[in-house]
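Comments concern the structure below.
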Amino acid sequence: MTSRQRQIIYLVFFVLSLLSIFFIFQIRFTFDFEQFFPEGDPDLEYFKEFSEQFEADDNFLLIAFKREQGIFDQEFLNKVHQITLKAKRLESISLAMSLTTSQKPIKLPFGGYSFIDVIHKDDPSKYRRDSIRLMEDERFTGNLVSEDAKTAVVFLKTVDNIQQGAAEQLMAELETSISALEFEEYHILGRANFQKEIVAMQKREIIVSAIVSSFLVCLIMYFLFRRFWGITIALISIGLGMLLFMGLLGAWGRDLNAMAALYPVLMIIVGTSDVIHIMSKYLDELNKGKDKNSAIRIAIKEIGLATLLTSVTTAIGFGTLMTSRVGPIRDFGLNAAIGVLVAYFTVIFLTTAILSLFEKDQLIEEGKGAMLWDKWLESFYHYSYNNVRKITIGFISFLVLCFIGISMISTNYRLVKNMPRGAKITEDFQFFEKEFNGFRPFEFAVTVTSDTLDADDFLVVQQIAKLENHLKQYDAVKGVSSITMIYKSINRASGGDRLSNYKLPATEQRFNRYKKLAERMPSQGNILLSKDKKKTRIAAKVLDIGAENIKVVSQEINSWIDKEIDKDIISIRQTGTGLIIDKNAKYVRDNLIKGLGGAVLVISLLMALLFKNIRLVVISLVPNLIPLLFAGALLGYLGIELDAGIAIVFAIIFGIAVDDTIHFLSKFKLSLNKGLTIEESIQITFSETGKAIIITTIILFFGFLVMLFSIHPPSVTIGLLISATLISAVLGDLLIIPILIRWLLKDEK
């Protein structure tokens, strides 16, 4: 490499670095539940139509204020009232209500109806009577007040599909107001709070993973090279690759979502792997007496091609995620694939340009360590040669155990398992799950099938009431509400506000008399009737009991609907964000199989072009199925639910695991082409490539273990799974590949 060529490379990377620094500040962080909807799903299309007629089912924000001595205290209720009134004035709030603003109908002594407050907040002498009536009223208990009467809730309806900036501003304004009133304890649940907290977690995760990964790489490079320039060159290459990648994302306008915390780890460990392979080859050639320019040319020619192929195959592994119907997974697959190529581009140009300036003793300090490595690798080679039967039996037993574990995989994931550990948002979520109705919407769309009826007619409302009563039999289904609530409330008011009269009127004639008043009744913030009066809704919540368990409940309810609901009057269809997100499990499995199948096919073609030998293609693929099977088995044995986030593990494993196989077989084929025998080629591959393979695996192992520092449970799981399975990948390369070579290539000498 000439001095002029080096100068051009340095200038190009200097300019790219400045541009990257600028564009990094353009990166945006987002979190949106709609991102995780499976695109193209018929239930999603139906839900979009439903939302246009009614509203989104997650446009709410609940603030629970707890007072251990009970909520019936004038000072406490006045504080709750102040928060309710302040919230009403906020830009992103379309409705604010609490016990202090809620009213119920009451029949006047001389006819007609009026509305009275459910709590006389300014008259403590009436608190006892208010509490008795309130705690027996299902309209409020479990919704605006807890069953133990120690917590009051302010219900806020936010604008539909509130955006990130508006959500953060809203939460800041609310928390300022809450702090000023010094409540004993409060909890928040809702979309806007999730958006604010999850984005804050994303930023933290990226910073922490980048810092910890960088420290790890520094430590490993010190033990490997023990020379200032060897360590510095490696760190510059890895750090610059990370900088260019993040700058590219900013320039491209890519939003970072919940999976963004993986990017620093991926870029650092992929870049480290490339750097070690290229530097190891350069040092090997210097050891053989080559001059610097010759050594760098050979390193680029032999390792550069293999590293290009490994980068492409890793990118293809990530590319399998592009088949997903879930937006954030597709984004992660595309971004990660581009990041791998950026790392390769940086190493093959910048690293080699810098390396060619230095002699061996400036880059690495050799001692007894090199001799130990040679001894260990020689022992590994002899073990694989002398224990073929043991290795084969062990491999078959391993496969059997893997298939048993895979059969145990569950998709019964729960929302709480995806929430940050030890964070207030998780504590708040669990509080509402325990004390109130939880978060997951459980919606039913009701369509009138009779041409002569409207959704607020007696026969229709009777059918809806039947389903409501059935839903209340399920312990996990909470907070059921519909248009029936309005008529039950009026009927109760007509019967002297007695609890026993909270039911539908017995006759159609009486029902019709209530219709005019029903138009004036509040509906707890829900739009219950479409404009054409041909559709209505049943809104409820379901506890976070797991996607599969919820599916069972839904199937039982749908079966009951088919048998018990009169289809000549109404049709009922389950809908809502909960249903749509839960369907991801099915699509994750389907797309995972299709995506990996496509990746195996494409990588097989690349292997065929590289090796020009179908047997070597087979040899290259077999060991790379091992970590995939092992990862699936771990999911089953450890009881880890397969969801959209965990599914990316398989793409990462396949993309990275195949790298070492390519390096191993590339060196083997080069040795074979030089006229060496199969056994001699295997032995020299162990001695020259084995060290780099083991070192990169160690780096990858500890690199992904960095994710143990995450507060995001899926990230911790991903780190553990990948670290564990990469060990199985390197054992497959060093134990299974030699056996396959001797078996399939024994006649080619």
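Do we find that residue 407 is under 30 Å from residue 622 (Cβ atoms) and of a type in the set (Gly, Ala, Ser) in this structure? The answer is yes for residue 407. Being open to solvent by 60 Å² or more (accessible area, probe 1.4 Å) and in a loop (DSSP other than H, G, I, E, B) holds for only one residue in 45, 52, 75, 39, and it is 39. Scanning segment 503-522 for residues being open to solvent by 30 Å² or more (accessible area, probe 1.4 Å) and hydroxyl-bearing (Ser, Thr, Tyr) gives a total of 1.
Residues are listed down the side, and each one gets a yes or a no for (1) modelled with pLDDT under 90; (2) charged (D, E, K, R):
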| residue | (1), (2) |
| --- | --- |
| 55 | yes, yes |
| 65 | no, no |
| 68 | no, yes |
| 79 | no, yes |
| 83 | no, no |
| 96 | no, no |
| 109 | yes, no |
| 114 | yes, no |
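Give the residue that is most open to solvent (accessible area, probe 1.4 Å), with candidates limited to residues of segment 138-165 that are modelled with pLDDT of 90 or more and of a type in the set (A, V, I, L, M, F, W, C). Going through the qualifying residues, I end up with 155.
On the given criteria, is residue 193 part of a loop (DSSP other than H, G, I, E, B), under 30 Å from the mean Cα position of the chain (by Cα), of a type outside the set (A, V, I, L, M, F, W, C) and surrounded by 14 or more Cβ atoms within 10 Å (Cβ to Cβ)? Taking the combined requirement at face value, the residue does not satisfy it.
For segment 216-260, a residue qualifies if it is hydrophobic (A, V, I, L, M, F, W, C), under 30 Å from residue 195 (Cα atoms) and modelled with pLDDT of 85 or more, and the qualifying residues are 242, 243, 244, 245, 246, 248, 249, 251, 252. Residue count for segment 273-323, restricted to those that are closer than 26 Å to residue 215 by Cβ, hydroxyl-bearing (Ser, Thr, Tyr) and in contact with a Gly (Cβ under 7 Å, 6 or more places away or on another chain): 1.
If only residues of segment 644-695 that are over 22 Å from residue 729 (Cβ atoms) and charged (D, E, K, R) are counted, the one that is modelled with the lowest pLDDT is 674. Considering 63, 8, the condition of being in a helix (DSSP H, G or I) and either farther than 30 Å from residue 357 by Cα or of a type in the set (Val, Ile, Thr) (or both) is satisfied by 8 alone. Listed by first and then second residue, the pairs linking a residue in segment 107-129 that is assigned to a loop (DSSP other than H, G, I, E, B) to a residue that is open to solvent by less than 60 Å² (accessible area, probe 1.4 Å) and small (Gly, Ala, Ser), with Cβ atoms under 7 Å apart and 6 or more places separating them unless they lie on different chains, are 108/114; 118/102.
Sort out which residues of segment 427-474 are free of Cβ contacts under 8 Å to residues at least 24 places away in the same chain and under 38 Å from the mean Cα position of the chain (by Cα), and write them in order of number. Result: 430, 434, 469, 472, 473. Is segment 197-210 home to any residue that is farther than 20 Å from residue 429 by Cβ and open to solvent by 50 Å² or more (accessible area, probe 1.4 Å)? Checked against the condition, which is being farther than 20 Å from residue 429 by Cβ and open to solvent by 50 Å² or more (accessible area, probe 1.4 Å), segment 197-210 yields at least one hit.
Taken residue by residue, segment 127-139 has no member that is among the polar types (S, T, N, Q) and in contact with a strand residue (DSSP E or B) (Cβ under 6 Å, 6 or more places away or on another chain).
The values are calculated or read from the model by the stated rules, or taken from the named source; none is laboratory data. All values reported here derive from a predicted model rather than from experimental measurement. For neighbour counting, all protein chains shown are included, and Cβ atoms are generated from backbone atoms with ideal geometry for every residue, glycine included. Just the protein is used for accessible areas: all its heavy atoms, side chains included, with ligands, DNA and RNA removed. Shrake-Rupley method; radii C 1.70, N 1.55, O 1.52, S 1.80 Å.
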